[in-house]
Amino acid sequence: MHDKTLTQLAASLKSGEFSSRELTAHYLQKIEKTDGKLNSFITVTGEQALDQAEAADKARAGGGDTGILTGIPLALKDIFCTRDVKTSCGSKMLDNFIAPYNATVVEKLSAAGTISLGKTNMDEFAMGSSNENSHFGPVKNPWDLKAVPGGSSGGSAAAVAAGLVPAAMGTDTGGSIRQPAAFCGITGLKPTYGRVSRYGMIAYASSLDQAGPMARSAEDCAHLMNVIAGHDVRDSTSVARGVPDYTETLNAPLSGLKIGLPKEYFGDGLAPEVEKAVRDAVKMYESLGATVREVSLPHTHYAIPAYYVIAPAEASSNLSRFDGVRFGHRCKEPIDLMDLYKRSRAEGFGEEVKRRILIGTHTLSEGFFDAYYTKAQKVRRLIRQDFLDAFEEVDVLMGPAAPTPAFDLGAKKDPVSMYLQDIYTIAVNLAGIPGISVPAGFAGGRPIGLQILGTHFAEAQLLNVAHQYQQATDWHLQLPAIAEENA
Amino acid sequence: MQWETVIGLEVHVQLATRSKIFSGASTAFGAEPNTQACAVDLGLPGTLPVLNEQAVAMAVQFGLAVHSDIAEVSVFDRKNYFYADLPKGYQTSQMYHPIVGPGEVEITLDDDTTKRIRIHHAHLEEDAGKSLHEDFLGMTGIDLNRAGTPLLEIVSEPDMRSAKEAVAYLKAIHAIVTYLGISDGNMAEGSMRCDVNVSVRPKGQEAFGTRAEIKNVNSFRFVERAIAFEVERQIELIEDGGTVVQETRLFDPERDETRSMRTKEEANDYRYFPCPDLLPVVLDEAYLDHLRSQLPELPADKRERFQSELGLSAYDASVLSASREMAEFFEEVHHVCGDAKQAANWVQGELSGALNRENLSITNSPISARQLGELLSRVMDDTINGKAAKQVFQALWNGQGENADEIIETKGLKQVTDTGAIEAMIDQVIAESPAQVAQYRDAEPDKRGKMIGYFVGQVMKASRGTANPQQVNGVLKAKLDALL
């Protein structure tokens with residue numbers, strides 16, 4: 001069962017090949033046996049999942065209008081608030097936090113009949129590119145246990161790649177869906193900012209955060225997007241705009257598709273084997289009828305500096321609510337309010353989170369605000385304009401999702417070299433456009449991701465372009481050895 | 001040296017929306033602690049604010065009422081600081097692009113002259129919760145019911161030159177917001193609070209002196225007293241060779257003084273930046289026109305109309321238009337009885353006196369405007385005389401009847417105008433007062449007018465106040481003069 005895509009599983013459930021309860025039990029068993037090696041889950045909600053599966057089977061047996069995802073098991077990054085189930089955000093700060101409500105994404109998935117197997121590991125508060133910043137320990141890459149799975153949605157990526165769950169929800173603030181998808185050899189879509197509600201998703205950088213699906217194929221992602229996309233009155237930044245059926249256009253032919261290759265995405269720092277895999281993929285597109293040209297995104301090299309002003313600035317404010325007063329970690333025996341704040345936060349937050357709070361607090365300070373924050377916002381507008389200009393010429397942009405395949409655990413010691421991981425993904429968040437990472441080969445047994453970018457609200461086109469590639473290739477169907485252990 | 005006081009006010013007005021500015025929780029006052037705070041108000045992780053449209057409409061109405069430029073685009077910013085009753089660690093406010101731009105308010109001073117006070121801007125923000133320092137044995141209790149209540153902060157220019165002007169300005173703001181119905185204006189419950197910026201400078205000097213900001217003053221009287229104390233403190237300080245430091249001070253009404261809270265050096269760096277969870281508020285002309293068309297008559301217009309249309313004096317018009325409740329009460333009384341002067345006299349006289357004695361506001365008056373109007377109608381159609389009217393008023397006040405007619409009936413206060421009955425009473429009084437009749441007869445003719453008062457009194461007494469005094473007067477005079 002676990003070697004099937006979500007789309008295939010949905011068909012099997014519909015035909016009655018197996019029940020949701022059988023499917024759910026199978027995945028729970030796989031998690032039980034395998035996840036000790038991967039550490040991809042923080043919380044597994046087995047009992048609850050089996051109950052939901054039985055309910056889904058009943059609903060199917062009862063006939064009527066059950067959605068095609070009814071009975072499909074999923075996992076949620078531990079950043080999505082879930083009623084009655086701990087939501088830790090990968091932090092000691094929230095190790096005791098149980099939200100009294102569900103995130104909108106969780107509500108929608110539940111209403112669609114899907115089953116939640118649990119909450120996946122992540123970099124603390126989504127700050128990281130290797131999943132090494134988790135209070136609950138690092139996640140291992142299923143393709144090579146010495147390698148990181150990427151981050152911050154590393155748990156979701158690893159769980160899907162290892163066949164512990166057919167699909168999972170992630171969030172992407174600077175590449176946190178696409179980079180781990182690339183590292184783990186799965187398909188991950190970051191939708192347009194505002195396409196999916198952020199309500200109930202613990203905020204890292206509010207103007208950049210976006211939830212999206214992580215699955216085996218673009219088709220799987222299309223099914224999930226059909227469920228989670230749309231306006232939410234509880235999120236003012238979600239966009240009131242019609243949601244297409246993302247599966248409908250998956251098979252549109254690509255003849256005449258204009259692909260742009262940003263020259264800045266093929267420069268120094270790009271591993272040759274990654275470049276080769278990406279250029280091979282582009283050739284495949286040419287054979288499918290696409291035309292290719294080089295384009296320029298001239299402000300690309302400002303993206304990381306701008307991001308590391310804007311994201312920490314927002315984070316420093318967003319994370320102020322973790323003060324030990326109403327929820328979350330509280331230090332023992334505080335002597336006064338200031339002591340309560342200082343020790344609760346010093347004890348509750350990890351090093352990277354503290355670093356970004358400090359950076360953000362500094363850049364927003366009187367006397368520095370204009371030099372940092374205001375200037376970074378100007379850069380952000382220029383970066384966005386770069387993309388809009390490029391999309392005047394071409395339909396989609398293609399390039400690597402990350403400069404190298406997954407690196408070894410512990411390999412990146414200094415923060416800046418870690419930040420450079422996100423060089424191809426971060427600008428996309430600053431511009432608010434959608435991007436998808438699809439498996440496009442291997443180097444040294446570790447997967448490589450092709451990133452495809454489209455203009456605002458072009459998710460259907462990205463899924464179509466990715467799906468056509470996946471019809472012509474089988475990179476996305478390959479499974480790591482660990483997926484077959486205990487099978 | 002002659003000193004001049006310079007005052008600017010920041011008035012926080014709690015807007016009378018049913019729910020909070022960014023959540024659906026109720027804003028009702030006085031509930032059990034923390035029963036009116038939802039996940040958003042508690043700042044639970046993952047929650048997001050959604051702007052209350054009503055709060056925006058109310059801010060715009062205020063802006064229109066003070067002739068402000070309304071911002072086409074306004075933006076919410078986060079004001080970051082840590083405090084136990086500030087759940088998110090920031091207050092959502094409007095720092096850089098407030099919704100209401102420059103405007104002005106006209107104030108009326110004691111000598112009936114007016115002065116224009118400029119408004120710098122007004123912005124929307126959320127209130128914090130409350131820290132309760134009593135009853136927790138050395139600890140602090142937090143009540144977040146108030147967290148997220150919408151506030152309009154109205155910032156004046158430093159245009160006021162005395163405590164009296166500051167109070168007049170505050171009253172004018174109070175009248176405007178209550179007329180608009182955008183706030184209950186209840187200062188005791190904190191619906192209106194103000195920060196007072198005070199400085200002094202030698203008369204004639206153009207540059208402002210260094211100011212002190214007195215935080216959270218919550219009554220008209222305290223504003224006056226806080227300013228009086230602060231002005232004296234600053235002048236003394238300077239005259240003794242010291243300098244005023246820029247600082248935040250607290251007014252202590254028990255000791256009648258202001259105390260330093262923190263100096264400029266200790267001030268927070270609030271690290272304002274645009275709130276990424278909220279979209280800019282964009283307002284178009286059609287929306288403004290719609291709200292403009294719904295503006296009620298405002299205090300200044302009402303005062304003007306009371307004088308020009310109803311013929312009230314400037315003083316009466318000013319008193320009766322000072323608050324929306326007072327004006328509405330008066331207008332209802334007038335509407336029922338049809339006589340503006342009579343209505344004005346009774347509302348400001350008998351009614352206000354009784355309300356003051358029992359420390360009631362006009363909204364809690366035991367006598368409704370309709371009841372008072374009906375009572376005055378009975379005076380005007382001569383059913384009762386003025387003296388009986390006061391009895392009826394008292395009876396209505398005490399709830400001894402539904403309306404004036406009922407009380408007049410049960411108490412038998414109907415004015416006696418039957419000439420025969422009056423003549424009979426007069427004849428009896430004359431017969432029982434031979435000595436007074438003799439005095440009257442012997443008096444100089446020009447003294448007799450005064451002496452007739454005794455007989456009138458006796459007749460009124462005999463009629464238990466119901467006889468028509470004019471009628472009694474006329475008949476008595478004729479009868480007594482016939483005895484000469």
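Only the coordinates and a few stated rules stand behind these numbers; no lab work does. If you're wondering where the values come from, they're calculated on a predicted model, not measured in any experiment. Here the Cβ positions follow ideal geometry from the backbone for every residue, glycine too, while neighbour counts run over all protein chains shown.
Kindly list the residues of region B:419-460 that lie in the label zone of B:Leu484, defined by a backbone N under 16 Å from the point 7 Å along the Cα-to-C-beta vector. B:437-453, by backbone N distance to the label point.
Compared with the alpha-carbon gap, the fully stretched path from B:Arg441 to B:Lys264 is longer by 55.1 nm at 0.36 nm per residue. All C-alpha to C-alpha distances of the protein assembly as shown, sorted into 10 Å bins beginning at zero, yield P(r) values of 2, 10, 16, 17, 14, 11, 10, 8, 5, 3, 2, 2, 1, 0 percent in whole numbers. As an equivalent ellipsoid, region B:419-482 spans semi-axes of 19, 12, 10 angstrom, where each value is the square root of five times an eigenvalue of the C-alpha gyration tensor, largest first. The charge dipole of the protein assembly as shown, taken about its Cα centre with unit charges on the Cβ of Lys, Arg, Asp and Glu (plus for the first two, minus for the last two), comes to roughly 1280 debye. Here each label is just a point 7 Å from Cα along the line to Cβ, and for B:Gln2 and A:Ala411 those points are 8.2 nm apart. Relative to the dominant Cα principal axis of chain B, helix B:220-239 is inclined by about 60°. If you average the alpha carbon positions of region A:417-487 and of region B:123-170, how far apart do those two centres end up, in angstrom? The two parts, judged by their Cα centres, are 52 Å apart.
Which of rounded, prolate, oblate describes region A:382-486, given a ≥ b ≥ c as roots of the alpha-carbon gyration tensor eigenvalues and a/c under 1.5 marking rounded, otherwise prolate only if a/b is larger than b/c? Taking the square roots of the gyration eigenvalues as a ≥ b ≥ c, region A:382-486 is oblate. If each Cα of chain A is one equal point scatterer, what is log10 of I(q)/I(0) from the Debye formula at q = 0.07, 0.08, 0.11 Å⁻¹? Log-scaled intensity ratios, in q order: -0.32, -0.43, -0.83.
Under a 5 Å amide H cut-off, with hydrogens placed 1.01 Å from N, A:Ser116 pairs with A:Leu74 among residues at least 5 apart or on other chains.
Ranking B:Thr178, B:Tyr454, B:Leu298 by how far each Cα lies toward the positive end of the dipole of the protein assembly as shown (charges on Cβ) leaves B:Thr178 at the top.
Note the angle between two axes, namely the Cα long axis of helix B:469-482 and the longest principal axis of the Cα atoms of chain B, as a number of degrees from 0 to 90, rounded to the nearest 10. Between the helix axis and the principal axis of chain B, the angle is about 30 degrees. Remark: for residue pairs A:Lys77/B:Lys79; B:Lys88/B:Lys130; B:Lys447/B:Lys477, the C-alpha separation exceeds 19 Å in A:Lys77/B:Lys79. Take the Cα of B:Arg118, step 7 Å toward its Cβ, do the same at B:Gln400, and the gap between the two points is 5.9 nm. Can you figure out the FRET efficiency of B:Glu423 with B:Arg357, using R₀ = 45 Å and their beta-carbon distance, to the nearest 0.05? The pair B:Glu423/B:Arg357 has a calculated efficiency of 0.65.
The distance from the alpha carbon centre of region B:375-410 to that of region A:1-76 is 81 Å, rounded to a whole number. Equivalent-ellipsoid semi-axes for region B:297-411 (Cα gyration tensor, √(5λ), whole Å, largest first): 24, 16, 11.
With a Förster radius of 60 Å applied to the beta-carbon distance between A:Ala443 and A:Val233, the computed FRET efficiency rounds to 0.85. Within region A:428-451, which residues have the backbone N less than 18 Å from the label spot 7 Å out from A:Ala481 along Cα→beta-carbon, could you tell me? Backbone N within reach: A:442-447.
Applying 0.36 nm per residue to the separation of B:Asp381 and B:Leu288 and subtracting their alpha-carbon distance, the gain on full extension is 28.7 nm. Quick check: from the Cα gyration tensor, does region A:123-170 come out rounded (a/c under 1.5), prolate or oblate? Oblate shape, in that a/c is at least 1.5 and b/c is the bigger or equal ratio. For region A:389-402, the Karplus equation 6.51 cos²θ - 1.76 cosθ + 1.60, evaluated at θ = phi - 60°, returns couplings of 4, 4, 6, 6, 9, 10, 7, 9, 10, 10, x, x, 7, 8 Hz by residue, with Gly and Pro reported as x.
Please enumerate, by chain and number, the lysines with C-alpha under 17 Å from the C-alpha of B:Lys302, excluding those fewer than 8 residues away in the same chain. Candidates past the 8-residue exclusion: B:Lys171, B:Lys341.
Between B:Arg18 and A:Asp84, what FRET efficiency follows from the Cβ-Cβ distance if R0 is 45 Å, with the result rounded to 0.05? Efficiency computed from Cβ-Cβ geometry: 0.90.
Applying the criteria of a DSSP loop state and at most 16 other Cβ atoms within 10 Å to the GluC sites (Glu not before Pro) of region B:278-323 yields B:Glu297, B:Glu309. Can you return the lysines within cross-link range of A:Lys258? Criterion is Cα-Cα under 25 Å, with same-chain partners fewer than 8 residues away left out. Qualifying lysines at Cα under 25 Å: A:Lys190, A:Lys276, A:Lys283. Past 26 Å, Cα to Cα, is the threshold; run A:Lys30/A:Lys58; A:Lys33/A:Lys119; A:Lys354/B:Lys264; A:Lys14/A:Lys37 against it and keep the listed order. Long pairs (Cα-Cα over 26 Å): A:Lys354/B:Lys264; A:Lys14/A:Lys37.
The modelled label-to-label distance for the pair A:Lys58/A:Asn251, using points 7 Å beyond Cα in the direction of Cβ, is 3.7 nm. Using 0.36 nm per residue and subtracting the Cα-Cα separation, the extra length available between A:Ile335 and A:Ala371 on full extension is 9.2 nm. Using only alpha-carbon positions in region B:1-160, the gyration tensor eigenvalues give semi-axes of 32, 20, 15 Å once each is multiplied by 5 and square-rooted (largest first).
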